[in-house]
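One structure is given here, and the rest of the page talks about it.
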Amino acid sequence: MILQINFNLNMPVAEYRKMADSVAHAFLDVPGLKWKIWLLNPAAQEAGGLYLFDSQASLDAYLNGPLAAQMTGLTSIRNISMKQFEVMPEVTALTRGPFEAA
């Protein structure tokens, strides 16, 4: 399962980079999270992430856990969008996507 999170920054980009650096290690301990790709569009003051979870249960646990709660409580980001997607493994593998079918 893929989780796509996008948001607008309500802080300088340099400050966001420092914040991301300070919390990145916390994602290493998220159960079921295989990887996270950090996204940033400095010109548009937008950021976000792509997350690959091993199951819907892991994704749901993340969304109901402390990291997601911390993010949604920040005043330094706004217009948060969270979307869930299934991975299409066959065509993703064909196009060399970073995903291993179970």
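The values are calculated or read from the model by the stated rules, or taken from the named source; none is laboratory data. Predicted, not measured: the structure shown is a model, and the values here were computed from it. FYI the Cβ positions are ideal-geometry reconstructions off the backbone, even for glycines, and counts take in every protein chain you see.
Worth pointing out:
- Among the residues of the range 71-78, not a single one is under 25 Å from PRO98 (Cβ atoms) and of a type in the set (Lys, Arg).
- Whichever residue in the range 82-100 is over 20 Å from the mean Cα position of the chain (by Cα) and among the charged types (D, E, K, R) and, among such residues, is nearest to ASN8 (Cα to Cα): ARG96
- The helices (runs of 4 or more DSSP H) located wholly in the range 1-73 that include 1 or more residues which are over 18 Å from LYS83 (Cβ atoms) and among the β-branched types (Val, Ile, Thr) occupy 13-23.
- Pairs meeting the criteria (first residue in the range 10-34 and loosely packed, with under 13 Cβ neighbours inside 10 Å, second residue among the hydrophobic types (A, V, I, L, M, F, W, C), beta carbons under 8 Å, at least 6 apart or on different chains) are VAL23/LEU67; ALA24/TRP38; ALA26/LEU67; PRO31/ALA61.
- Residue check for GLY49: modelled with pLDDT of 95 or more and at positive phi: no
- Taken together, PHE99, PHE85 contain a single residue that is aromatic (Phe, Trp, Tyr) and at pLDDT below 95, which is PHE99.
- Within the span defined as the range 43-50, one or more residues are over 23 Å from PHE99 (Cβ atoms) and surrounded by fewer than 13 Cβ atoms within 10 Å (Cβ to Cβ).
- Test result for GLN70, modelled with pLDDT of 95 or more, of a type outside the set (Val, Ile, Thr) and over 13 Å from MET1 (Cα atoms): no
- Among the residues making up the range 58-87, a single one is farther than 22 Å from ALA24 by Cα and surrounded by 12 or more Cβ atoms within 10 Å (Cβ to Cβ): VAL87.
- Looking across the range 74-101, just one residue is assigned to a loop (DSSP other than H, G, I, E, B) and basic (Lys, Arg), and that is ARG96.
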